[in-house]
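Heads up, the thing below is written out as structure tokens.
Any read-out appearing in this document is the output of simple, stated calculations on the displayed coordinates, not a laboratory observation. Everything numeric in this text was worked out from a predicted model, so none of it was measured. Here Cβ is always computed from backbone atoms with ideal geometry, including for glycine, and neighbour counts include all displayed protein chains.
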Ligand SMILES: NC(=O)c1ccc[n+]([C@@H]2O[C@H](COP(=O)([O-])OP(=O)(O)OC[C@H]3O[C@@H](n4cnc5c(N)ncnc54)[C@H](OP(=O)(O)O)[C@@H]3O)[C@@H](O)[C@H]2O)c1
């Protein structure tokens, strides 16, 4: 694919042509999110080709994907996905800032010492300031606590999130990977302070249904909180990527976050069944897997990862298939 640019980026004039089908309301809020959002955990780091990252984000925005999901530690190296986003903000998206919904998170290990992870006020405040600098933003649209910290008083973490909104550094608050009981406490605490919880981010796909089994999805739906599913393709397992082996350029080949022992005979049997089911609906395996997540009551959006424009284009078609 030719990534060379001939001039400044000009977004497609057709980017909102599917307004009616493209977006879901995020819980009981004023925010509409695209049913398919773009995640930058992989493929947008300092180790990845910048022009490919750029092409994927352009394709996304040109097709109405207004939501880009980041975290302080995405890369590698940690922080570099936000730097990529920052470069894109300056060079391509500056004129479109108000059309973008950009999220970041803090919770996992980001810097050395006692203040570089978990849920203290000290860490969350400092981390968000770093994220804003890396992304060349005045504020993020959405800031998440990336994981629940059992050793910090829950009120400290939540009050830091409230204050972040009050300071204008984030417009909305989300939480990710929190257990149900703490999610309920957070919902109440934030509501009482007029900073309602916008969204919960959890892993949900055909192979991992924990948010359903644990009652998180139901709770969010009933409480008017949006739910956004991460790894909806199980990091690529629920696609045709591994049907005939392990491609050298795949996430599994790196053996870090997705290990080759996940490619079991049972998985391949499951994929072949899914392929038959997908073909009957005129879909790819990936589209079938995304359609399943989007069909769950309470799901606002799926955050997909993509290592090529073609993958993202394929995934986006789930909305129209
Ligand atoms: N809150 C959290 O704790 C948390 C945790 C994980 C992720 N997330 C968020 O969720 C986002 C998505 O996570 P994810 O990357 O694991 O999502 P995913 O959509 O389940 O997996 C993405 C990977 O699947 C493969 N793929 C995607 N579309 C494909 C297609 N049409 N055909 C074949 N292969 C395809 C690609 O693998 P290859 O790279 O091998 O091509 C791609 O990198 C992250 O970027 C992040 O924003 C959040």
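Per-residue ellipticity at 222 nm, computed for the chain from helices alone with -39500 (n - 2.57) per DSSP H run of at least four residues, works out to -10500 deg cm²/dmol. With Cα atoms as the point set, the radius of gyration and Dmax of the chain evaluate to 19.0, 54 Å.
Full extension of the chain between residue 16 and residue 90 gives 24.4 nm of extra length, using 0.36 nm per residue less the Cα-Cα distance. Kirkwood radius and radius of gyration were both taken over the C-alpha atoms of the range 14-121, and their ratio Rg/Rh is 1.01. All C-alpha to C-alpha distances of the range 117-191, sorted into 5 Å bins beginning at zero, yield P(r) values of 3, 16, 30, 27, 15, 6, 2, 0 percent in whole numbers. Each of residue 249 and residue 151 was given a label point 7 Å from its Cα along the Cα-to-Cβ line. The distance between the two points is 4.2 nm. Averaging the sequence gap over all C-alpha pairs within less than 8 Å and six or more residues apart, then dividing by the number of residues, gives the chain a relative contact order of 18 percent.
Of the residues 193, 52, 147, the one that moves most in a GNM of the chain with alpha-carbon contacts below 10 Å is 193.
If you average the alpha carbon positions of the range 76-155 and of the range 161-199, how far apart do those two centres end up, in angstrom? Value for the Cα centre distance between the two parts: 16 Å. Exposure proxy for 37, 120: other Cβ atoms within 10 Å of each Cβ, ordered fewest to most, give 120, 37.
Antiparallel versus total DSSP beta bridges in the chain: what percent is that, nearest 5? Close to 10 percent.
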